[in-house]
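Since the structure comes first, as structure tokens, the remarks are kept for the end.
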Amino acid sequence: MGVLAAVLLLVTGVAIGYLVPNLRKPGDDSIDAGFARDMSTHHAQAVEMAMFAFRLGDSEHVRTLGYDIAASQQWQIGQMQTWLVEWHLSPTTSTRPMAWMPDGQNALQSDGRMPGMASKAELDKLKSSKGKNFDALWCQLMLRHHLGGIHMAEVAATKASDPEVRDAAEKMRVSQQYDISQLTELLKDLGAQPLSS
């Protein structure tokens with residue numbers, strides 16, 4: 001009887017140990033999942049633009065900053081996609097972007113793009129620009145992009161349920177704030193102004 005009771009206790013303990021963490025995993029409509037999906041998409045465009053800077057930038061400062069942004073945000077995309085795999089959630093959703101954020105739908109651009117994201121026409125213009133014109137336009141687009149995305153990181157840093165997500169979102173916020181200061185200084189050096197929207 002003692003052996004049977006011990007086995008039952010062990011099986012029950014293993015089952016509880018398995019179920020409790022799974023019950024705590026963020027759900028499909030959670031802030032955590034919404035942030036991971038939307039910020040992955042937002043970051044993907046930043047990586048694309050950052051690689052343009054690395055290849056086409058006129059100044060070494062722009063090329064270096066482009067490389068740093070591409071490397072850090074690509075790593076963060078991997079981190080966020082890993083969370084979704086661990087939570088057994090799809091990396092994509094049919095839900096509109098930013099539905100997980102308070103008033104997030106009202107922050108979308110008129111064509112449904114998330115705040116700060118460049119249009120195809122803007123990306124085409126960037127790719128065809130040269131020299132200091134490229135540097136100025138890249139800084140303008142990347143500054144607007146970061147300012148548009150940082151609000152998502154702020155919300156996730158305070159409202160996500162998973163402590164790892166909150167911590168990572170806060171680190172993203174700090175990192176992007178640093179990039180914003182760098183981009184602002186670069187624009188001043190280039191004699192250019194930030195984009196109005």
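Which one is surrounded by the most Cβ atoms within 10 Å (Cβ to Cβ) among residues in the stretch 55-79 that are in a helix (DSSP H, G or I) and among the hydroxyl-bearing types (S, T, Y)?
S72
In the set R166, R144, R173, which member is among the basic types (K, R), in a helix (DSSP H, G or I), at pLDDT 95 or above and closer than 20 Å to P26 by Cα?
Only one candidate qualifies: R166.
Given the options Q74, Q81, name the one that is within 17 Å of the chain's Cα centre (by Cα), at pLDDT 95 or above, more than 23 Å from L141 (Cα to Cα) and not charged (D, E, K, R).
Q81
For the list (1) of a type outside the set (V, I, T); (2) out of contact with any helix residue (DSSP H, G or I) (no Cβ under 8 Å at 6 or more places or on another chain); (3) exposed (fewer than 15 other Cβ atoms within 10 Å of the Cβ), I need the number of the one condition that E164 fails.
Exception for E164: condition (2).
Could you check the stretch 95-123 and list, in sequence order, the residues that are assigned to a loop (DSSP other than H, G, I, E, B), more than 18 Å from A44 (Cα to Cα) and either without any contact (Cβ under 8 Å) to a residue 60 or more places away in the chain or not aliphatic (A, V, I, L, M) (or both)?
T95, W100, P102, D103, S110, D111
Given the conditions (1) among the hydrophobic types (A, V, I, L, M, F, W, C); (2) open to solvent by 40 Å² or more (accessible area, probe 1.4 Å); (3) at pLDDT below 95, report the number of the one that A121 does not fulfil.
Answer for A121: the failing condition is (3).
The values are calculated or read from the model by the stated rules, or taken from the named source; none is laboratory data. Model, not experiment: these values are computed from the prediction. Ideal geometry is used to build each Cβ from the backbone, glycine not excepted, and the neighbour counts take in all protein chains shown. These accessible areas exclude ligands, DNA and RNA; they are computed on the full protein's heavy atoms, side chains included. Shrake-Rupley method; radii C 1.70, N 1.55, O 1.52, S 1.80 Å.
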